[in-house]
Amino acid sequence: MRADLAALADGDLASLSAGGDDEAFTEIMRRHRQRVYRLILANVADPDEALDLVQETFASAHGALRRFDPNRPMSAWLARIALNKCRDWGRRRAVRRLFGLATPLDEVADLHADDRPLPDAEAADRADLARLSRAVAQLPASQREPLVLCAVDGLSQAEAATLLSISEKAVETRIRRARARLAEMLGR
């Protein structure tokens, strides 16, 4: 990768990439992949699915670079694409679940790995985190997305409001409701 790409702004990289410079897009992915992964993982609670959705997000972003507005933050643009991919994944999952209801339970049990935690404290922490991740993934998107954007991705409520096209007060309310629902789900 060319060293000069690291010094360029995201908008400049987007322009270069839209013009066919693959190394410029590689730099965009390098800068934003961890944040996109965290955002997606917090929404789907499955590391393997999250990796697939990160790839889908960047593939879609690459195809849409000509529509990117360089006056807006690349991170917000990528977050919007990632959230759309998570919503698509959720719809596909609902369809799979519907078809899964027709599968005998003993066949389904054979398809799933045994995910009993190891008997040490680290495994217990991982189990608690996995439980929380699953609970967050079960929240309605209207509550999950603002919570993840602010609590996991570190956006301010104003930034999340802009990204989600809702008011700042709506973000605050949805986060409060999400936290109350999580406490209820986790028995706290």
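With the gyration tensor restricted to C-alpha atoms of the stretch 138-188, the semi-axes of the equivalent ellipsoid amount to 19, 10, 9 Å, longest first.
Multiplying the sequence separation of LEU129 and ARG179 by 0.36 nm and subtracting their Cα-Cα distance, what value in nm do you get?
On the way: separation 50, 0.36 × 50 = 18.00 nm, distance 1.52 nm.
Separation in residues times 0.36 nm, less the Cα-Cα distance, equals 16.5 nm.
Annotation note: trypsin sites (Lys or Arg not before Pro) in the stretch 9-61 located in DSSP loop regions with a Cβ neighbour count of at most 10 within 10 Å are absent.
With R₀ set to 25 Å, the beta-carbon distance separating SER142 from ARG33 gives a calculated FRET efficiency near 0.40.
Each value in this text was obtained by applying a stated rule to the coordinates, not by laboratory testing. Quick caveat, the model's predicted, so the values are computed rather than measured. So basically every Cβ, Gly included, is an ideal-geometry build from the backbone, and we count neighbours across all protein chains shown.
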